[in-house]
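Remarks on the structure that follows.
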Amino acid sequence: MTLPSENSAKKTVTNTAIKIENLNKWYGDHHVLKEVSLDIFEGEIMVICGPSGSGKSTLIRSLNHLEEYQEGVVSVFDQPLSRDSQSHKVIHQTMGMVFQNFNLFPHLTVLQNCALGLMWLRKMSEREAEKRVMGLLDRVGIANLASRYPGQLSGGQQQRVAISRSLAMEPKIMLFDEPTSALDPEMVKEVLDVMVDLAKTGMTMVCVTHEMEFARQVADRVVFMTDGEIVEVGPPEQVLVHPQWDRTKEFLQHVL
Ligand code: ADP
Ligand code: MG
(Lines give C-alpha, C1' and ligand atoms only; values in the text may rest on other atoms or scores of the structure.)
(Ligands and ions follow the chains in the order given, each with its own letter.)
Protein backbone atom coordinates (compact mmCIF):
# COMPACT_ATOMS: atom_id res chain seq x y z
CA MET A 1 0.00 0.00 0.00
CA THR A 2 1.47 3.37 -0.95
CA LEU A 3 0.79 6.50 1.02
CA PRO A 4 1.16 10.13 0.08
CA SER A 5 4.10 11.02 2.26
CA GLU A 6 3.23 14.71 2.54
CA ASN A 7 0.01 13.97 4.49
CA SER A 8 1.23 14.13 8.05
CA ALA A 9 3.78 16.88 7.41
CA LYS A 10 1.29 18.95 5.43
CA LYS A 11 0.36 21.40 8.16
CA THR A 12 1.95 22.75 11.25
CA VAL A 13 -0.20 22.65 14.35
CA THR A 14 -2.17 25.85 14.81
CA ASN A 15 -5.17 26.85 16.89
CA THR A 16 -7.60 24.34 18.27
CA ALA A 17 -10.85 24.51 16.31
CA ILE A 18 -12.75 21.96 18.42
CA LYS A 19 -11.76 20.75 21.87
CA ILE A 20 -13.64 17.74 23.19
CA GLU A 21 -13.08 17.03 26.87
CA ASN A 22 -14.28 13.95 28.75
CA LEU A 23 -17.55 13.60 26.88
CA ASN A 24 -19.97 11.06 28.31
CA LYS A 25 -23.40 10.24 27.00
CA TRP A 26 -25.94 7.64 27.99
CA TYR A 27 -29.18 6.56 26.36
CA GLY A 28 -30.91 5.23 29.46
CA ASP A 29 -28.32 2.90 30.93
CA HIS A 30 -26.56 2.44 27.59
CA HIS A 31 -23.23 4.30 27.83
CA VAL A 32 -22.71 5.43 24.18
CA LEU A 33 -19.84 7.92 24.57
CA LYS A 34 -17.21 7.03 27.16
CA GLU A 35 -14.78 9.74 28.27
CA VAL A 36 -14.17 10.92 24.73
CA SER A 37 -11.46 13.59 24.53
CA LEU A 38 -9.97 14.94 21.33
CA ASP A 39 -8.51 18.17 19.98
CA ILE A 40 -9.17 19.04 16.35
CA PHE A 41 -6.92 21.76 15.00
CA GLU A 42 -7.79 24.57 12.65
CA GLY A 43 -7.38 23.40 9.06
CA GLU A 44 -7.19 19.77 10.12
CA ILE A 45 -8.93 16.97 8.22
CA MET A 46 -10.07 14.41 10.79
CA VAL A 47 -11.61 11.13 9.67
CA ILE A 48 -13.64 9.12 12.17
CA CYS A 49 -14.23 5.46 11.44
CA GLY A 50 -15.36 2.40 13.35
CA PRO A 51 -18.06 -0.27 13.33
CA SER A 52 -21.75 0.50 13.15
CA GLY A 53 -23.14 1.45 16.55
CA SER A 54 -19.77 2.55 17.94
CA GLY A 55 -20.98 6.13 18.58
CA LYS A 56 -19.57 8.01 15.56
CA SER A 57 -22.83 9.82 14.72
CA THR A 58 -23.51 10.56 18.38
CA LEU A 59 -20.05 12.07 18.71
CA ILE A 60 -20.15 14.23 15.57
CA ARG A 61 -23.70 15.38 16.36
CA SER A 62 -22.56 16.37 19.85
CA LEU A 63 -20.10 18.81 18.33
CA ASN A 64 -22.87 21.10 17.09
CA HIS A 65 -25.39 20.19 19.81
CA LEU A 66 -27.70 18.15 17.62
CA GLU A 67 -27.26 15.68 20.47
CA GLU A 68 -27.17 16.57 24.13
CA TYR A 69 -24.72 14.82 26.44
CA GLN A 70 -24.66 14.42 30.19
CA GLU A 71 -20.98 15.07 30.93
CA GLY A 72 -18.06 16.83 29.33
CA VAL A 73 -17.28 19.99 27.42
CA VAL A 74 -17.08 20.80 23.72
CA SER A 75 -15.35 24.10 22.91
CA VAL A 76 -15.28 25.70 19.49
CA PHE A 77 -12.49 28.22 18.94
CA ASP A 78 -11.99 28.35 22.73
CA GLN A 79 -15.66 29.00 23.45
CA PRO A 80 -17.19 26.26 25.66
CA LEU A 81 -20.62 25.42 24.26
CA SER A 82 -23.75 25.12 26.34
CA ARG A 83 -27.45 25.34 25.55
CA ASP A 84 -27.56 29.13 25.61
CA SER A 85 -28.22 31.39 22.67
CA GLN A 86 -24.60 32.57 22.51
CA SER A 87 -23.51 28.97 21.93
CA HIS A 88 -26.11 28.50 19.22
CA LYS A 89 -24.82 31.64 17.55
CA VAL A 90 -21.25 30.30 17.61
CA ILE A 91 -22.46 26.99 16.15
CA HIS A 92 -24.46 28.67 13.37
CA GLN A 93 -21.62 31.00 12.51
CA THR A 94 -18.84 28.45 12.46
CA MET A 95 -20.17 24.98 11.64
CA GLY A 96 -21.87 23.37 8.68
CA MET A 97 -23.05 19.78 8.53
CA VAL A 98 -23.72 17.29 5.77
CA PHE A 99 -25.77 14.17 6.49
CA GLN A 100 -26.04 10.74 4.93
CA ASN A 101 -29.50 11.46 3.52
CA PHE A 102 -28.96 14.99 2.15
CA ASN A 103 -31.89 16.53 4.10
CA LEU A 104 -32.93 18.88 1.27
CA PHE A 105 -36.37 20.48 1.14
CA PRO A 106 -38.22 18.55 -1.60
CA HIS A 107 -40.56 21.45 -2.50
CA LEU A 108 -37.75 23.96 -3.08
CA THR A 109 -35.43 24.16 -6.06
CA VAL A 110 -31.70 23.62 -5.74
CA LEU A 111 -31.14 27.37 -5.77
CA GLN A 112 -33.87 27.99 -3.18
CA ASN A 113 -32.57 25.20 -0.92
CA CYS A 114 -29.14 26.79 -0.89
CA ALA A 115 -30.25 30.43 -0.65
CA LEU A 116 -32.76 29.97 2.17
CA GLY A 117 -30.29 30.12 5.08
CA LEU A 118 -28.55 33.17 3.66
CA MET A 119 -31.83 35.05 3.32
CA TRP A 120 -33.38 34.00 6.64
CA LEU A 121 -30.39 33.78 8.95
CA ARG A 122 -28.01 36.23 7.31
CA LYS A 123 -30.69 38.62 6.07
CA MET A 124 -29.16 38.69 2.62
CA SER A 125 -31.20 39.92 -0.32
CA GLU A 126 -32.47 37.24 -2.69
CA ARG A 127 -30.27 38.59 -5.44
CA GLU A 128 -27.12 38.56 -3.31
CA ALA A 129 -27.88 35.10 -1.91
CA GLU A 130 -28.50 33.64 -5.36
CA LYS A 131 -25.30 35.13 -6.68
CA ARG A 132 -23.27 33.48 -3.92
CA VAL A 133 -25.09 30.17 -4.36
CA MET A 134 -24.57 30.12 -8.12
CA GLY A 135 -20.83 30.52 -7.53
CA LEU A 136 -20.85 27.52 -5.20
CA LEU A 137 -22.98 25.36 -7.48
CA ASP A 138 -20.55 26.15 -10.24
CA ARG A 139 -17.65 25.13 -8.02
CA VAL A 140 -19.20 21.70 -7.39
CA GLY A 141 -20.17 21.28 -11.05
CA ILE A 142 -23.97 21.55 -10.85
CA ALA A 143 -24.75 25.18 -11.79
CA ASN A 144 -26.88 23.82 -14.65
CA LEU A 145 -29.20 22.13 -12.12
CA ALA A 146 -30.08 25.28 -10.13
CA SER A 147 -33.77 25.32 -11.09
CA ARG A 148 -34.41 21.61 -10.57
CA TYR A 149 -36.08 20.04 -7.54
CA PRO A 150 -34.21 17.49 -5.37
CA GLY A 151 -36.42 14.66 -6.65
CA GLN A 152 -35.13 15.32 -10.16
CA LEU A 153 -31.51 14.77 -9.14
CA SER A 154 -29.30 11.75 -8.57
CA GLY A 155 -28.06 11.05 -5.05
CA GLY A 156 -24.60 12.34 -5.89
CA GLN A 157 -26.06 15.57 -7.25
CA GLN A 158 -28.29 15.97 -4.18
CA GLN A 159 -25.31 15.54 -1.89
CA ARG A 160 -23.38 18.19 -3.83
CA VAL A 161 -26.37 20.52 -3.34
CA ALA A 162 -26.29 19.77 0.40
CA ILE A 163 -22.58 20.58 0.53
CA SER A 164 -23.16 23.83 -1.40
CA ARG A 165 -25.96 24.78 0.97
CA SER A 166 -23.62 24.36 3.94
CA LEU A 167 -20.75 26.19 2.29
CA ALA A 168 -23.01 29.12 1.42
CA MET A 169 -23.03 30.01 5.13
CA GLU A 170 -19.22 30.28 5.04
CA PRO A 171 -18.51 27.90 7.91
CA LYS A 172 -15.04 27.49 9.37
CA ILE A 173 -15.70 23.86 10.24
CA MET A 174 -17.54 21.25 8.17
CA LEU A 175 -18.96 18.11 9.74
CA PHE A 176 -19.76 15.15 7.48
CA ASP A 177 -21.66 12.10 8.77
CA GLU A 178 -21.21 9.30 6.22
CA PRO A 179 -21.89 11.59 3.25
CA THR A 180 -21.43 8.83 0.67
CA SER A 181 -23.02 5.86 2.45
CA ALA A 182 -26.45 6.32 0.86
CA LEU A 183 -25.07 6.70 -2.66
CA ASP A 184 -24.85 4.20 -5.47
CA PRO A 185 -21.19 3.24 -5.93
CA GLU A 186 -20.80 5.16 -9.19
CA MET A 187 -21.74 8.41 -7.44
CA VAL A 188 -19.37 8.17 -4.53
CA LYS A 189 -16.44 9.67 -6.39
CA GLU A 190 -18.20 12.87 -7.48
CA VAL A 191 -18.95 13.66 -3.83
CA LEU A 192 -15.51 12.64 -2.55
CA ASP A 193 -13.91 14.82 -5.24
CA VAL A 194 -15.78 17.83 -3.85
CA MET A 195 -14.60 16.94 -0.34
CA VAL A 196 -11.01 16.54 -1.50
CA ASP A 197 -11.16 19.98 -3.15
CA LEU A 198 -12.63 21.44 0.02
CA ALA A 199 -9.85 19.89 2.10
CA LYS A 200 -7.31 21.74 -0.02
CA THR A 201 -8.88 25.10 0.85
CA GLY A 202 -7.82 24.91 4.50
CA MET A 203 -11.32 24.10 5.80
CA THR A 204 -11.40 22.26 9.12
CA MET A 205 -13.23 19.00 8.39
CA VAL A 206 -14.53 16.22 10.61
CA CYS A 207 -15.67 13.32 8.46
CA VAL A 208 -17.30 10.11 9.60
CA THR A 209 -16.63 7.86 6.65
CA HIS A 210 -15.58 4.38 5.67
CA GLU A 211 -13.93 5.65 2.49
CA MET A 212 -10.43 4.63 3.44
CA GLU A 213 -8.92 5.85 0.19
CA PHE A 214 -10.23 9.33 1.06
CA ALA A 215 -8.74 8.96 4.55
CA ARG A 216 -5.36 7.98 3.12
CA GLN A 217 -5.39 10.80 0.60
CA VAL A 218 -6.50 13.75 2.71
CA ALA A 219 -6.81 12.96 6.41
CA ASP A 220 -4.29 14.49 8.75
CA ARG A 221 -5.44 12.10 11.45
CA VAL A 222 -7.79 9.14 11.65
CA VAL A 223 -9.80 8.25 14.74
CA PHE A 224 -10.97 4.69 15.25
CA MET A 225 -13.95 4.30 17.60
CA THR A 226 -15.43 1.19 19.08
CA ASP A 227 -18.12 0.81 21.77
CA GLY A 228 -18.24 4.55 22.47
CA GLU A 229 -14.49 4.94 22.93
CA ILE A 230 -11.68 6.33 20.86
CA VAL A 231 -9.24 3.45 20.73
CA GLU A 232 -6.78 4.78 18.16
CA VAL A 233 -5.95 8.22 16.84
CA GLY A 234 -3.06 9.15 14.63
CA PRO A 235 -1.90 9.81 11.09
CA PRO A 236 -3.49 7.55 8.46
CA GLU A 237 -0.35 5.51 7.94
CA GLN A 238 -0.28 4.70 11.64
CA VAL A 239 -3.97 3.87 12.17
CA LEU A 240 -4.71 2.29 8.79
CA VAL A 241 -1.47 0.48 8.08
CA HIS A 242 -0.06 -0.28 11.52
CA PRO A 243 -3.06 -0.34 13.89
CA GLN A 244 -2.27 -1.22 17.49
CA TRP A 245 -5.60 -2.77 18.36
CA ASP A 246 -6.98 -6.08 17.14
CA ARG A 247 -10.44 -4.48 16.78
CA THR A 248 -9.01 -1.90 14.38
CA LYS A 249 -7.24 -4.60 12.35
CA GLU A 250 -10.42 -6.65 12.16
CA PHE A 251 -12.47 -3.62 11.07
CA LEU A 252 -9.95 -2.60 8.42
CA GLN A 253 -10.00 -6.08 6.91
CA HIS A 254 -13.69 -5.50 6.21
CA VAL A 255 -13.50 -2.04 4.69
CA LEU A 256 -10.17 -2.00 2.83
P1 ADP B 1 -22.63 4.90 14.68
O2 ADP B 1 -22.87 6.23 14.05
O3 ADP B 1 -21.19 4.63 15.00
O4 ADP B 1 -23.23 3.78 13.90
P5 ADP B 1 -24.46 5.87 16.71
O6 ADP B 1 -23.79 7.06 17.29
O7 ADP B 1 -25.56 6.10 15.74
O8 ADP B 1 -23.36 4.89 16.11
O9 ADP B 1 -25.07 4.99 17.88
C10 ADP B 1 -24.30 4.64 19.04
C11 ADP B 1 -25.16 3.77 19.96
O12 ADP B 1 -26.22 4.55 20.47
C13 ADP B 1 -25.79 2.59 19.25
O14 ADP B 1 -25.77 1.49 20.11
C15 ADP B 1 -27.20 3.05 19.00
O16 ADP B 1 -28.09 1.96 18.97
C17 ADP B 1 -27.46 3.94 20.18
N18 ADP B 1 -28.41 5.02 19.86
C19 ADP B 1 -28.28 5.94 18.90
N20 ADP B 1 -29.31 6.80 18.88
C21 ADP B 1 -30.14 6.40 19.89
C22 ADP B 1 -31.38 6.88 20.41
N23 ADP B 1 -31.99 7.97 19.90
N24 ADP B 1 -31.92 6.21 21.45
C25 ADP B 1 -31.31 5.14 21.99
N26 ADP B 1 -30.14 4.63 21.57
C27 ADP B 1 -29.55 5.26 20.51
MG1 MG C 1 -23.73 6.76 12.20
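The table that follows gives values for the structure above.
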item	result
Anisotropy class of the stretch 151-222 from Cα gyration tensor, a/c 1.5 cut	oblate
Percent of beta bridges antiparallel (DSSP, the stretch 99-256, rounded to nearest 5)	50 percent
Candidates ASP29, ASP177, ASP197: whichever shows maximal mean-square fluctuation once the chain is modelled as a Gaussian network with Cα springs under 10 Å	ASP29
Per-peptide average of other Cβ atoms within 10 Å, ordering 95-103, 66-74, 204-212 highest first	204-212, 95-103, 66-74
Charge context of GLN112, other residues only, Cβ under 12 angstrom, K/R +1, D/E -1	0
Percentage relative contact order, the chain, counting C-alpha pairs under 8 Å, at least six apart	27 percent
Whole-number accessible area per residue in Å² for the stretch 127-199, which is evaluated in the context of all protein chains at 1.4 Å	44 Å²
Selection from ALA215, VAL196, ILE230, by position along the positive dipole direction of the stretch 193-238 (Cβ)	VAL196
Gain in span if fully extended, LYS172 to SER147, counting 0.36 nm per residue against the direct Cα distance	6.2 nm
Binned Cα-Cα distance frequencies in the stretch 52-115 - 10 Å width, integer %	17, 43, 30, 10, 0
Rg ratio (alpha-carbon, reference 2.2 N^0.38 Å) - the stretch 1-149	1.26
Rg followed by Dmax, in Å, when the chain is reduced to its Cα trace	18.2, 55
Cα radius of gyration and Dmax for the stretch 181-256 (Å)	13.0, 35
Cα centre as origin, Lys/Arg/Asp/Glu Cβ charges: the chain dipole, Debye	840 debye
Carbon + sulfur, % of accessible area of the stretch 26-182 - ligands and nucleic acids excluded, 1.4 Å	49 percent
Computed P(r) (all Cα pairs; the stretch 32-71; 10 Å bins; percent)	24, 59, 17
Cα centroid separation - the stretch 195-249 against the stretch 26-49, whole Å	13 Å
Per residue accessible area of the stretch 41-116, 1.4 Å probe, in Å²	44 Å²
Value at 222 nm in deg cm²/dmol, rounded to 500, when DSSP H runs of n ≥ 4 in the chain each add -39,500 (n - 2.57)	-10500 deg cm²/dmol
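The values are calculated or read from the model by the stated rules, or taken from the named source; none is laboratory data. Here the structure is a predicted model, which is why all the values come from computation and not from measurement. Here Cβ is always computed from backbone atoms with ideal geometry, including for glycine, and neighbour counts include all displayed protein chains. These area figures cover heavy atoms from the full protein model, side chains too; ligands, DNA and RNA do not enter into them. Shrake-Rupley method; radii C 1.70, N 1.55, O 1.52, S 1.80 Å.
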